[in-house]
Amino acid sequence: NGSWEEFFSEVLWFSRQKFARKILVPGNHERCVERDPNLAREYCREHDVELAIDKLVHLSDSVTMFCSPWSAVFRPSVWAYHWTDQADAHYKTTKIPYCDILVTHGPPKGILSFTPGLRDEEEEIVDLGCPWYLNAVKRIKPRYHFLGHVHASASDRPHTVDWSEDHWTHFVNV
């Protein structure tokens, strides 16, 4: 529901997981985080969890990961981290730096972005993907793109795009 109580509970659960490093990328349910990211960041820090909002994370000397909470709006929404307009989406996605791993809440257009039960007026399956993320992925060509938001495609097989003979991107809806 986007409440602080729910967020705090999520962070506590996450902090107890047996990983050396815990990085949390919020999504459309974290309305409280969008309203007050400083409070969320401080709470995460107190529990040894990194809050990554439009942030480049160095996983090692040679591996970087960029994390973005945004997703495209497909109808008027009260949820968090949705682009306010095309210019906002374009601006934010052109600022995504080159990285080995891209983590976004929303999917790029056409890749793990379909919900079979959701159809438009012509009864076509709606693509919930973001064209601006697709442009960013084409520019960056990360090795991996982990995404979410479209629950119906979470069970789909990972998708791979071959950009050239020696460069590919694996897309996984987690």
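The values are calculated or read from the model by the stated rules, or taken from the named source; none is laboratory data. These numbers were taken from a predicted model, which means no experiment stands behind them. Reconstructed Cβ throughout: ideal geometry from the backbone, glycine too, with neighbour counts over all protein chains shown. Side chains included, ligands, DNA and RNA excluded: accessible areas come from the protein's heavy atoms. Shrake-Rupley method; radii C 1.70, N 1.55, O 1.52, S 1.80 Å.
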Checklist (1) surrounded by 20 or more Cβ atoms within 10 Å (Cβ to Cβ); (2) closer than 29 Å to Asp127 by Cβ applied to Val78, failing item: (1)
Quick test of your reading of the structure: Asp48 fulfils all but one of (1) open to solvent by 70 Å² or more (accessible area, probe 1.4 Å); (2) under 19 Å from Val174 (Cα atoms). Name the failing condition by number. (2)
If the requirement is being over 21 Å from Ala136 (Cβ atoms), open to solvent by less than 80 Å² (accessible area, probe 1.4 Å) and not in a loop (DSSP other than H, G, I, E, B), which of these qualifies: Leu39, Leu56? Leu39
The stretch 92-112 - residue that is out of contact with any Gly (no Cβ under 7 Å at 6 or more places or on another chain), buried (at least 18 other Cβ atoms within 10 Å of the Cβ) and more than 19 Å from Ile23 (Cβ to Cβ) and, of those, modelled with the lowest pLDDT: Leu112
In the stretch 121-150, what residues are within 23 Å of Lys92 (Cβ to Cβ) and modelled with pLDDT under 70? His149, Val150
Can Phe8 be described as part of a strand (DSSP E or B) and within 29 Å of Leu128 (Cβ to Cβ)? no
Can you tell me which of Thr160, Thr115 is touching a Leu at 6+ places or on another chain (Cβ under 7 Å), surrounded by 10 or more Cβ atoms within 10 Å (Cβ to Cβ), modelled with pLDDT under 85 and in a strand (DSSP E or B)? Thr115
Among the residues of the stretch 20-33, write down those that are open to solvent by 50 Å² or more (accessible area, probe 1.4 Å) and modelled with pLDDT under 95. Ala20, His29, Arg31
Could you look through the stretch 11-36, keep only residues that are over 22 Å from His145 (Cβ atoms) and outside any helix (DSSP H, G or I), and pick out the one that is nearest to the chain's Cα centre (by Cα)? Asp36
When residues of the stretch 59-71 are filtered for being buried (at least 20 other Cβ atoms within 10 Å of the Cβ), part of a loop (DSSP other than H, G, I, E, B) and out of contact with any Pro (no Cβ under 8 Å at 6 or more places or on another chain), how many remain? 1
Cβ-Cβ under 8 Å pairs, at least 6 apart or on other chains, the stretch 37-49 side at positive phi, far side among the polar types (S, T, N, Q) and surrounded by 12 or more Cβ atoms within 10 Å (Cβ to Cβ): Asp48/Ser15
